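Here, each number is a calculation from the coordinates, and none is a lab measurement. Everything numeric in this text was worked out from a predicted model, so none of it was measured. Cβ sites come from the backbone with ideal geometry, for glycine too, and all protein chains shown count toward neighbours.
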Amino acid sequence: MAQGRLGALLEALLVTFLWSTSYILTKIGLTEISPLLLVSLRYVVASLVLVPAAVLRGEHRALDMRAALKLVFLGITGYSVAQGLQCVGLYHLPAVTVTFILNFTPVIVLILGLVFLKTTPTLRQVAGIAFVIAGAYIYFGGIPADSLTGVIITLVSGLGWAAYLVAGRAFFKPREIGALGLSAFAMGIGTVFIAGSAWVYEGFTALSLGGWVIVLWLGVVNTAAAFFLWNHALQRVEAFEISILQNTMLIQIAILSVIFLGEKLTAQKMLGMAAVFVGVLIVQLSGLRGAGRS
């Protein structure tokens with residue numbers, strides 16, 4: 001049993017590494033591919049893998065019109081807005097800054113849960129939010145005007161993913177739809193909107209062999225396979241444990257960005273990242289304790 005749990009944690013850690021490399025590969029891909037086109041091609045490839053797999057497993061049989069409308073909302077928020085704008089944010093900002101901003105997502109989830117799910121934050125969670133705000137202030141020390149657009153776009157991306165997480169929890173009862181079906185169908189719907197936006201605003205340009213390699217790797221390995229491994233790990237360990245592992249992406253991406261993209265990390269930025277990491281950890285662990293008492 002312990003070996004199975006350890007295997008699941010290692011599986012999840014592998015996924016966080018794959019997702020961390022996505023930021024690096026996306027930054028490289030953006031040197032020749034426009035943002036919306038890159039993210040739409042990535043999710044078209046992933047959808048072509050996941051949607052048939054979900055259909056073959058019969059995940060579609062439990063869906064009705066009401067469930068389909070819910071999936072449309074999840075597709076728009078979780079993929080069109082969250083993933084599409086994340087790629088646009090990477091076009092405007094360094095990879096480490098984008099992941100730093102997106103690390104605020106658990107705090108946004110907490111706020112949305114307070115508004116829509118009527119959950120009340122604990123004192124520990126409030127303290128965690130204070131750490132996050134302090135970390136953001138230390139990290140940025142004032143946002144340069146030329147970075148403001150990228151920061152706003154990335155914040156909206158984080159808001160989209162937070163809305164996806166809260167809505168996914170509120171819309172579907174446990175086992176009403178499998179994790180594979182939820183991921184595949186919401187992704188497929190969101191991909192349609194992303195691809196449509198890419199076609200209207202950017203058009204299609206020919207890709208080099210290197211560009212296609214990046215797109216296919218991101219779609220098959222870092223999206224389709226990674227989502228499958230992530231959901232597989234979730235079946236054997238607690239969600240909060242995986243969430244904590246996901247927070248390590250902030251550190252992983254920072255290291256990868258310095259090595260492969262030549263991005264700079266000052267002592268001030270590292271201090272801000274540490275404060276945000278601790279704050280998010282407090283928020284998540286406090287949520288676990290609150291759940292245990294109810």
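Here are the numbers for the structure shown:
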quantity: Hull shadow area, averaged, the chain [alpha-carbon convex hull, nm²]; calculated: 16.1 nm²
quantity: Most positive-pole-ward Cα, 149, 192, 103, against dipole of the chain from beta carbon charges; calculated: 103
quantity: Length-normalised contact order for the stretch 2-293 - Cα pairs under 8 Å, 6+ apart - percent; calculated: 43 percent
quantity: Net charge of neighbours whose Cβ lies under 13 Å from the Cβ of residue 166, counting Lys and Arg as +1 and Asp and Glu as -1; calculated: +3
quantity: Non-local Lys pairs in the chain, i.e. 8 or more apart or on different chains, that have alpha carbons under 27 Å apart; calculated: 5
quantity: Highest to lowest packing among 178-191, 244-257, scored as the average C-beta count within 10 Å; calculated: 178-191, 244-257
quantity: Cα centroid separation, the stretch 155-217 to the stretch 1-51 (Å); calculated: 12 Å
quantity: Derived scalar couplings ³J(HN,Hα) [the stretch 269-274; Karplus, 6.51 cos²θ - 1.76 cosθ + 1.60; whole Hz; x for Gly, Pro]; calculated: 5, 5, 5, x, 4, 5
quantity: Whether the stretch 39-152 is rounded, prolate or oblate, judged on the alpha carbon gyration tensor where a/c under 1.5 counts as rounded; calculated: oblate
